[in-house]
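I have placed the structure first, in the form of structure tokens, so that the comments after it can refer back to it.
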Amino acid sequence: MILESSTLDVATPSGPMRTYVYRPTASTEQKRYPSIVLFSEIFQRTGPIGRIAAMLAGHGFVVAVPEIFHELEPAGTVLSYDQAGTDAGNHHKTAKTTLAFDADARAVIDHLLRRDDCDGTVFSVGVCIGGHLAFRAAFDTRVAATACFYATDIHKGSLGLGGDDSLSRAHEVKGELMMVWGTEDPHIPAEGREKIRQQLERANIRFTWHEFEAQHAFLRDEGPRYDPALALISYRMVVDLFSARGEPIAAAK
């Protein structure tokens, strides 16, 4: 499938949010596709994130990648995979309000539902902090299914300013949820994962739980923690989940 990409600024309450869109090139057979919001790591739209977006788009989705720190960095900023970039990203994730993260998610979902090339189905997926943001995006009833990879800070309740209530709101997830973890991930230890799993069970929502012998950021195809075999399995799980839920949320039960 041939792809094309574009860049646009989505209006949010805290200012324009640079957003990157990857989509199949329209054909006479099909011009409308289900859509995905892809929430990035703290480094924003890096090369690895762009390649994840392209891989998903190549399976027949319109994929939008918003800059999660658009209020705090100039449009187009990519933080580097080094100590300075890590420090900046970790600062930003607690310098922005939780409500602002939520407003950004609503804004990009609104955009996808207005697009002529989208069929009205919206999914969310994310890695690292993006996994946490995808989890919160799942509170929006318009999101049909969500995949969260090694989602940081859910167990600690430490995302953003103003209070992180992600875990206590798990019952608000209406679509199917997939949670994927690495057992060697120091950012989400076993007790943290268990805390999340127990809360999801109490919430009585539809979810699957997957733990691999892997480190944090095992999907990132740069650096020593990349696990290509697990990445391939993970992408297949995401595509299968979203394909199974491929109907406009308004038409779902």
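Read the figures in this text as sums done on the coordinates, not as results from a lab. All of these numbers come straight from a predicted model, not from anything done at the bench. Note: ideal-geometry Cβ built from the backbone for every residue, glycine included; neighbour counts use all protein chains shown.
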Against the condition surrounded by 24 or more Cβ atoms within 10 Å (Cβ to Cβ) and outside any helix (DSSP H, G or I), how does VAL78 come out, does it pass?
no
With respect to LEU161, determine if the residue is surrounded by 17 or more Cβ atoms within 10 Å (Cβ to Cβ) and either touching a residue at least 12 places away in the same chain (Cβ under 8 Å) or touching a Ser or Thr at 6+ places or on another chain (Cβ under 7 Å) (or both).
no
Among the residues of the range 12-24, the number that are surrounded by fewer than 20 Cβ atoms within 10 Å (Cβ to Cβ) and either aromatic (Phe, Trp, Tyr) or free of Cβ contacts under 8 Å to residues at least 24 places away in the same chain (or both) is 0
